[in-house]
1. Sum -39500 (n - 2.57) across every DSSP H segment of at least 4 residues in the chain, then divide by the residue count to get the 222 nm mean residue ellipticity, nearest 500.
2. Please build a GNM for the chain, connecting alpha carbons under 10 Å apart, and tell me which residue among 115, 55, 102 fluctuates the most.
3. With a/c under 1.5 counting as rounded, go ahead and sort the stretch 2-91 into rounded, prolate or oblate using the C-alpha gyration tensor (a ≥ b ≥ c being the square roots of the eigenvalues; past the cut-off, prolate if a/b is larger than b/c, else oblate).
4. Among DSSP bridges having both ends in the chain, what percentage is antiparallel? Round to the nearest 5.
5. From the Cα gyration tensor of the stretch 1-156, with a ≥ b ≥ c the square roots of its eigenvalues, which class applies: rounded if a/c is under 1.5, or else prolate if a/b is larger than b/c, or else oblate?
6. Taking only Cα atoms and a 10 Å spring cutoff, compute GNM fluctuations for the chain and point out the largest among 62, 154, 30.
7. What's the angle, to the nearest 10 degrees (0 to 90), between helix 69-78's Cα axis and the longest principal axis of the chain?
8. State the extension gain, in nm to one decimal, for the chain segment bounded by residue 185 and residue 71, taking 0.36 nm per residue of separation less the distance between their alpha-carbons.
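What follows is calculated from the coordinates using simple rules that are stated; it is not laboratory data. Keep in mind that what you see is a predicted model, and the values were worked out from it rather than measured.
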Ligand code: FES
């Protein structure tokens, strides 16, 4: 990400928290960037000061964070004043989700480019159903946290269950993570 930010000429800073330097990866590489990298070790400095870092919503600024659930939950609560699309959280594991008491309903999925269509049963994901139908979709985590299977939705309403898209990205319904999300309409047409 730092490489990309550098290539794009973006202004960036990194706040990297960990228990102590011996348990933190990439320290030597990161320190080459000088005062744009802030290494915060719990054993010496305490924990990341999220109240100061996120206390004021900065214009034209995006926040990307990854780490354990507790840290990301704290970031969500400290960043309430920020625009929803400014905060991007990458989780190590999927968010807990309360299952719908009525269970999942089957729906139709149509792949516009290949012409393949299939019914997604309550027991299967869209990704599994498409794989069984011979449609190859790049994927990795199969938990809705990495974004590899993100696919454009051409028609229909996604029922988002991923842990990656922001609230407004989910609301727009433009893309869907096929490994976990389902349909809120009888049919979904995908750009596949
Ligand atoms: S495979 Fe990772 S989000 Fe779907």
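1. Values: 6 runs with 39 residues, N = 192.
Result for the chain: -5000 deg cm²/dmol, rounded to the nearest 500.
2. 102
3. Values: a/c = 1.83, a/b = 1.15, b/c = 1.59.
Since a/c reaches 1.5 but b/c is at least a/b, the shape of the stretch 2-91 is classed as oblate.
4. Details: 11 of 25 bridges.
Roughly 45 percent of the DSSP beta bridges within the chain come out antiparallel.
5. Values: a/c = 2.31, a/b = 2.02, b/c = 1.14.
It comes out prolate by the Cα gyration axes.
6. In this elastic network of the chain, the residue with the biggest mean-square fluctuation among 62, 154, 30 is 30.
7. 80
8. Working: separation 114, 0.36 × 114 = 41.04 nm, distance 3.48 nm.
Residue separation times 0.36 nm, minus the Cα-Cα distance, leaves 37.6 nm.
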